[in-house]
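Peer 1: Input: one structure, supplied below.
The values are calculated or read from the model by the stated rules, or taken from the named source; none is laboratory data. Keep in mind it's a predicted model, so treat the numbers as computed, not measured. Cβ atoms come from the backbone with ideal geometry, glycine included; neighbour counts cover every protein chain shown. These accessible areas exclude ligands, DNA and RNA; they are computed on the full protein's heavy atoms, side chains included. Shrake-Rupley method; radii C 1.70, N 1.55, O 1.52, S 1.80 Å.
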2 protein chains.
Amino acid sequence: MTIAILGGTGPQGKGLALRFARAGIPVVIGSRDAERAIECAAELSQKLAAIAPDAAVISGADTLTATQQASQLVILAVPFSAHNATLSSIKDLLQGKVLVDIVVPLAEGNPKAVAMPPEGSATEAAQALLGDSIPVVGALHNVSAVTLNKLDQHINCDVLVCGNDVDAKKAVRDVLAQIGITSYNAGTAESARCIEAITPILIRLNISKEVPFSHAGIRIWAPDH
Amino acid sequence: MTIAILGGTGPQGKGLALRFARAGIPVVIGSRDAERAIECAAELSQKLAAIAPDAAVISGADTLTATQQASQLVILAVPFSAHNATLSSIKDLLQGKVLVDIVVPLAEGNPKAVAMPPEGSATEAAQALLGDSIPVVGALHNVSAVTLNKLDQHINCDVLVCGNDVDAKKAVRDVLAQIGITSYNAGTAESARCIEAITPILIRLNISKEVPFSHAGIRIWAPDH
């Protein structure tokens with residue numbers, strides 16, 4: 001099963017590609033610029049060859065081809081400014097697949113705040129644009145791209161997964177489990193209004209140096225015993 | 001310094017009263033029904049006497065008197081249905097004080113969702129109603145009331161504190177530290193749209209039994225080393 005990562009030449013996409021491929025899941029990186037996607041895939045493959053000789057293939061393609069090559073999951077990892085245009089361009093190719101929206105609508109020029117679209121969140125905007133026949137799952141919003149790219153580190157962030165389709169959420173959670181990420185079902189797409197907005201709170205902590213580390217994550221935590 | 005807790009006869013208010021008093025901070029519980037507040041205070045005082053003989057006094061009063069008796073911090077812990085009416089009734093008494101809003105606008109009949117007011121969140125609604133001269137701080141939304149009342153347990157939940165007044169946030173975080181709670185500055189009042197909405201996600205996890213415990217909390221978490 002091949003996962004497509006659109007906007008996969010960005011830091012979040014690269015880190016996810018490395019981790020999926022290392023776990024044996026083939027990845028196709030999609031970009032508007034196919035050449036750039038192919039170069040990026042080659043660079044990531046080389047990086048993995050040194051540390052994980054049994055890794056699956058990472059390839060590159062233009063956005064439409066990458067979408068077509070996905071077995072089921074198409075991860076959208078573009079900047080929010082390209083969110084709706086990218087979805088419109090691939091809508092017809094998404095039938096029978098699941099769109100995994102990891103985009104956070106950060107405010108222009110202020111990463112410590114969100115500027116949510118009229119639908120309430122990026123995930124809800126995607127669901128509205130794609131229509132009910134294509135399930136949208138919001139996930140992976142709060143994970144640091146830097147940490148994703150440090151392959152010797154575990155992900156210090158539980159992933160809150162939301163969406164209106166239970167089976168689609170389960171499919172996403174299954175692949176997250178394969179790369180060692182703990183995830184939770186956080187409800188319908190509307191929960192993305194909360195989940196996407198956690199990211200600027202974490203960015204604020206990192207910028208303020210209030211926490212004695214960068215790249216803070218969140219964890220669901222049990223009571224003391 | 002005396003802290004007022006309005007709606008303090010509810011489970012969240014009681015747990016906070018016990019923990020503040022145990023830490024040596026006097027508490028006055030406010031309720032529309034002064035008799036009920038006085039009875040509740042007596043009951044909590046008795047509970048503390050057995051385990052913390054040096055605890056500060058917990059007293060009870062009607063809502064207006066309790067507000068007047070607060071040195072600085074007035075915690076609003078009423079159901080959301082009473083949120084705005086309570087604030088309107090105490091507005092004139094809040095000059096020079098800080099309103100600490102811990103109310104989560106859970107959807108009617110569905111604790112797994114929020115139904116946010118037009119202002120965006122309860123904290124923003126409070127700030128709009130009280131005007132800029134009275135600082136509102138959102139805090140303590142995600143802490144389980146059950147855990148708050150189990151005095152032998154630490155609080156398994158970091159507190160995200162938000163509001164437009166930096167000094168007011170600091171005052172709130174200082175008293176939270178006195179009861180052993182780790183808190184973070186999560187930004188302006190607008191962040192309450194996210195923070196208040198974390199609570200129904202935790203409630204969903206508790207109801208679904210997806211987590212092998214009840215009363216889940218959240219933690220800010222560092223990367224692996």
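Peer 1: From the list A:A177, A:A222, exactly one residue is touching a strand residue (DSSP E or B) at 6+ places or on another chain (Cβ under 9 Å) and facing chain B (nearest Cβ under 8 Å). Which is it?
Peer 2: On inspection, the qualifying residue turns out to be A:A222.
Peer 1: I would also like to ask the following. Of these, B:V136, B:V114, B:V166, B:V146, which one is modelled with pLDDT of 95 or more, more than 24 Å from A:E190 (Cα to Cα) and within 11 Å of chain A (Cβ to nearest Cβ)?
Peer 2: When all the criteria are applied, what remains is B:V146.
Peer 1: I'm trying to understand the selection: among the residues of region A:66-77, which are open to solvent by 50 Å² or more (accessible area, probe 1.4 Å) and small (G, A, S)?
Peer 2: Residue satisfying the conditions is A:S71 alone.
Peer 1: Out of region B:32-65, which residues are touching a strand residue (DSSP E or B) at 6+ places or on another chain (Cβ under 6 Å), open to solvent by less than 70 Å² (accessible area, probe 1.4 Å) and under 20 Å from B:N149 (Cβ atoms)?
Peer 2: If the condition is that a residue be touching a strand residue (DSSP E or B) at 6+ places or on another chain (Cβ under 6 Å), open to solvent by less than 70 Å² (accessible area, probe 1.4 Å) and under 20 Å from B:N149 (Cβ atoms), then B:A37, B:C40, B:A41, B:L44, B:S45, B:I58, B:S59, B:G60 are the ones that fit.
Peer 1: If a residue must be facing chain B (nearest Cβ under 7 Å), open to solvent by less than 50 Å² (accessible area, probe 1.4 Å) and closer than 21 Å to A:E124 by Cβ, how many such residues does region A:189-217 contain?
Peer 2: Summing the residues that are facing chain B (nearest Cβ under 7 Å), open to solvent by less than 50 Å² (accessible area, probe 1.4 Å) and closer than 21 Å to A:E124 by Cβ in region A:189-217 gives 5.
Peer 1: Within region B:47-69, identify whether any single residue is in contact with a Lys or Arg (Cβ under 9 Å, 6 or more places away or on another chain) and within 14 Å of another protein chain (Cβ to nearest Cβ), and answer yes or no.
Peer 2: Scanning region B:47-69 turns up no residue that is in contact with a Lys or Arg (Cβ under 9 Å, 6 or more places away or on another chain) and within 14 Å of another protein chain (Cβ to nearest Cβ).
Peer 1: Only one of B:G7, B:G13 is touching a residue at least 40 places away in the same chain (Cβ under 8 Å) and on the phi > 0 side of the Ramachandran plot; which?
Peer 2: Every option except B:G7 fails the conditions.
Peer 1: In region B:111-125, how many are of a type outside the set (D, E), open to solvent by 30 Å² or more (accessible area, probe 1.4 Å) and either without any contact (Cβ under 8 Å) to a residue 24 or more places away in the chain or assigned to a helix (DSSP H, G or I) (or both)?
Peer 2: Residues flagged as of a type outside the set (D, E), open to solvent by 30 Å² or more (accessible area, probe 1.4 Å) and either without any contact (Cβ under 8 Å) to a residue 24 or more places away in the chain or assigned to a helix (DSSP H, G or I) (or both) within region B:111-125 amount to 2.
Peer 1: Please find, among B:V175, B:V159, B:V137, B:V114, the residue that is within 14 Å of the chain's Cα centre (by Cα), of a type in the set (A, V, I, L, M) and closer than 18 Å to B:A216 by Cα.
Peer 2: B:V159
Peer 1: Is region A:180-190 home to any residue that is among the small types (G, A, S), touching a residue at least 24 places away in the same chain (Cβ under 8 Å) and on the phi > 0 side of the Ramachandran plot?
Peer 2: Looking for residues that are among the small types (G, A, S), touching a residue at least 24 places away in the same chain (Cβ under 8 Å) and on the phi > 0 side of the Ramachandran plot, one finds at least one in region A:180-190, hence yes.
Peer 1: While we're looking at this one, here's another question. For A:A52, only one of the following conditions fails: (1) farther than 30 Å from A:I201 by Cα; (2) touching an Asp or Glu at 6+ places or on another chain (Cβ under 7 Å). What is its number?
Peer 2: The number of the failed condition is (2).
Peer 1: Go through region A:117-133 and give me each residue that's out of contact with any Cys (no Cβ under 7 Å at 6 or more places or on another chain), closer than 28 Å to B:S191 by Cα and not charged (D, E, K, R).
Peer 2: A:P117, A:P118, A:G120, A:S121, A:A122, A:A125, A:A126, A:Q127, A:A128, A:L129
Peer 1: Quick one: which of B:A186, B:A171 is more than 10 Å from chain A (Cβ to nearest Cβ) and either surrounded by fewer than 22 Cβ atoms within 10 Å (Cβ to Cβ) or touching a helix residue (DSSP H, G or I) at 6+ places or on another chain (Cβ under 9 Å) (or both)? Before you say what the answer is, go through the steps one by one.
Peer 2: Details: B:A186 fails: more than 10 Å from chain A (Cβ to nearest Cβ).
Only one candidate passes the filter, namely B:A171.
Peer 1: Oh, and also: State all residues of region B:149-163 that are in contact with a Phe, Trp or Tyr (Cβ under 6 Å, 6 or more places away or on another chain) and either away from chain A (no Cβ under 12 Å) or acidic (D, E) (or both); if no residue qualifies, say none.
Peer 2: Once the filter is applied, which keeps residues that are in contact with a Phe, Trp or Tyr (Cβ under 6 Å, 6 or more places away or on another chain) and either away from chain A (no Cβ under 12 Å) or acidic (D, E) (or both), region B:149-163 yields nothing.
Peer 1: A follow-up question, please. Residues that are more than 18 Å from B:V78 (Cα to Cα), surrounded by 22 or more Cβ atoms within 10 Å (Cβ to Cβ) and without any contact (Cβ under 8 Å) to a residue 60 or more places away in the chain: does region B:153-160 have at least one?
Peer 2: Yes, region B:153-160 contains a residue that is more than 18 Å from B:V78 (Cα to Cα), surrounded by 22 or more Cβ atoms within 10 Å (Cβ to Cβ) and without any contact (Cβ under 8 Å) to a residue 60 or more places away in the chain.
Peer 1: Take the conditions buried (at least 19 other Cβ atoms within 10 Å of the Cβ) and farther than 21 Å from B:L140 by Cβ and apply them to B:S89. Does it pass?
Peer 2: Here the answer is no, as B:S89 does not meet what is asked.
Peer 1: For region B:92-110, how many residues are assigned to a loop (DSSP other than H, G, I, E, B) and of a type in the set (D, E)?
Peer 2: 1
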